[in-house]
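The values are calculated or read from the model by the stated rules, or taken from the named source; none is laboratory data. Keep in mind it's a predicted model, so treat the numbers as computed, not measured. Note that we place each Cβ from the backbone using ideal geometry, even for glycine, and neighbour counts take in every protein chain shown. To get the accessible areas, we keep the full protein, side chains included, count just its heavy atoms, and leave off ligands, DNA and RNA. Shrake-Rupley method; radii C 1.70, N 1.55, O 1.52, S 1.80 Å.
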Amino acid sequence: NFLLGLLFDSTGLGLAIALGPIQIIGGVICGVILGFLFHHLTEMFKNEAQRMPNGKFSDEHLDAVHTKSCIMFLATGFAFVFLGYKVNLAGGGSTVTMVFAATSAHLWIKDGDNELMAQKQRLGMFLSSSWELAVMPFLFTMVGSGVDLTKVFDPDFFPKAFACWAAANAVRFSCAFGCTAGTGMKLSNRILLSLSWLGKAASQGAMGGLALERITEELAGKSAAEREQLAGALEFATNIKNMSVLFIIFSAPIAAISLVKMG
């Protein structure tokens with residue numbers, strides 16, 4: 001969001017830099033407050049029923065509380081992410097959502113209460129299944145729907161893009177490999193871990209088209225002269241999208257083959 005703001009907004013550099021820590025600090029505070037509210041609301045829903053003689057709640061009641069919790073959790077996350085984009089503070093909205101989730105998880109495990117830890121596990125399984133069965137396929141399908149491979153492999157674009165990909169993955173591999181130093185892991189395990197991380201492309205899938213989407217919206221309704229002025233920005237945004245696609249195309253197979261063959 002910071003980089004997109006510098007590229008496409010009239011926001012001054014000083015204000016753009018200042019908004020970074022402001023969004024993080026504000027997001028952390030808001031996320032912690034939301035986490036506590038969510039925790040206490042969930043407990044309030046749970047305690048609406050009487051415990052059975054064995055000291056536990058009925059499965060039917062816990063299922064109802066779980067459903068309410070999941071809806072509340074997802075609605076809160078979506079609300080702040082989209083609110084962040086709406087007011088051009090996407091970093092703050094994302095920080096709120098992340099800290100909200102972390103605070104909720106912490107409150108459920110901090111006392112070692114088995115009942116609360118079971119709630120966390122159930123919500124975690126629901127979110128994990130939602131990601132794997134719905135969000136991730138949708139995310140990468142949307143990325144693929146806008147891909148023009150002739151532009152990705154264009155002779156003027158591909159060599160430079162491939163060089164960027166190779167350099168980025170060299171850094172990525174080195175950082176992952178360095179982080180495992182002194183852990184007692186075998187060399188082969190460290191190499192496997194580093195290679196498998198090369199295929200982590202959710203961020204490319206999620207953010208690759210944001211710049212192009214933003215500049216396309218800005219071009220709508222502009223005159224021919226104004227479109228001419230934005231031609232450079234459109235080219236940059238298109239390159240970002242194509243670079244993201246290239247990253248996914250080349251990185252994912254390396255990770256998959258490494259995991260199958262070396263694993």
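Given the chain, what count of lysine pairs have C-alpha atoms under 18 Å apart, with each pair 8 or more places apart or on different chains?
12
Return one whole number: the accessible area per residue of the chain in Å², for a 1.4 Å probe.
Here the residues of the chain average 61 Å² of exposed surface.
How much length is gained on full extension from Asn88 to Glu60, taking 0.36 nm per residue of separation minus their Cα-Cα distance?
5.9 nm
Output the DSSP H helices from the chain with an along-axis C-alpha extent of no less than 20 Å and a mean Kyte-Doolittle hydropathy no less than 0.5.
Qualifying helices, which must be both long enough and hydrophobic enough, are 13-46, 59-86, 90-109, 158-179, 231-262.
Need the C-alpha centroid separation for the range 19-81 versus the range 199-245, integer Å.
37 Å
Can you classify the range 66-196 as rounded, prolate or oblate using the Cα gyration tensor, where a ≥ b ≥ c are the square roots of its eigenvalues, rounded means a/c under 1.5, and otherwise it's prolate if a/b beats b/c and oblate if not?
Judged from the Cα gyration tensor, the range 66-196 comes out oblate (a/c at least 1.5, b/c at or above a/b).
Over the range 31-123, what relative contact order in percent results from Cα pairs under 8 Å that are six or more residues apart?
Contact order relative to length: 38 percent.
Quick one: among Ala163, Ala237, Ala211, which has the greatest mean-square fluctuation in a GNM of the chain with alpha-carbon springs under 10 angstrom?
Ala163
Quick one: plug the Kirkwood hydrodynamic radius of the range 154-263 (C-alpha pairs) into Stokes-Einstein at 25 °C, 0.890 mPa s, and report D in µm²/s.
Numbers: Rh = 16.0 Å.
Taking Rh from Cα pairs, D becomes 153 µm²/s.
Rounded to the nearest 500, what is the chain's calculated 222 nm mean residue ellipticity when only DSSP H runs of at least 4 contribute -39500 (n - 2.57) each, over all residues? Display every interim value, and only then the final one.
Values: 13 runs with 206 residues, N = 263.
Result for the chain: -26000 deg cm²/dmol, rounded to the nearest 500.
So what's the range 30-116 giving for Cα Rg divided by 2.2 N^0.38 Å, two decimals?
Ratio of Rg to 2.2 N^0.38 Å for the range 30-116: 1.25.
Using the beta-carbon distance between Lys160 and Leu230 and R0 = 22 Å, what value does 1/(1 + (r/R0)^6) give for FRET efficiency, to the nearest 0.05?
According to the calculation, E is roughly 0.50.
In nm, to one decimal, how far is the modelled label at Leu13 from the one at Ala49, with both set 7 Å along Cα→Cβ?
Spacing of the two 7 Å Cα→Cβ label points: 6.0 nm.
Sort Asp154, Asp111 from largest to smallest accessible area, using a 1.4 Å probe on the heavy atoms of the protein chains.
Output order, biggest surface exposure first: Asp111, Asp154.
Translational D (Stokes-Einstein, µm²/s) of the chain at 25 °C and 0.890 mPa s when Rh comes from the Kirkwood sum over C-alpha pairs?
Translational D for this selection: 112 µm²/s.
Applying 1/(1 + (r/R0)^6) with R0 = 41 Å to the Cβ-Cβ distance of Asn189 and Arg122, what FRET efficiency is obtained, to the nearest 0.05?
According to the calculation, E is roughly 0.80.
What's the carbon and sulfur percent of the chain's accessible surface, probe 1.4 angstrom, rounded to a whole number?
So the carbon and sulfur contribution to the accessible surface is 69 percent.
Hull surface divided by four, with the convex hull built on the Cα atoms of the range 119-165: how many nm²?
For the range 119-165, averaging the hull's shadow over all directions gives 4.7 nm².
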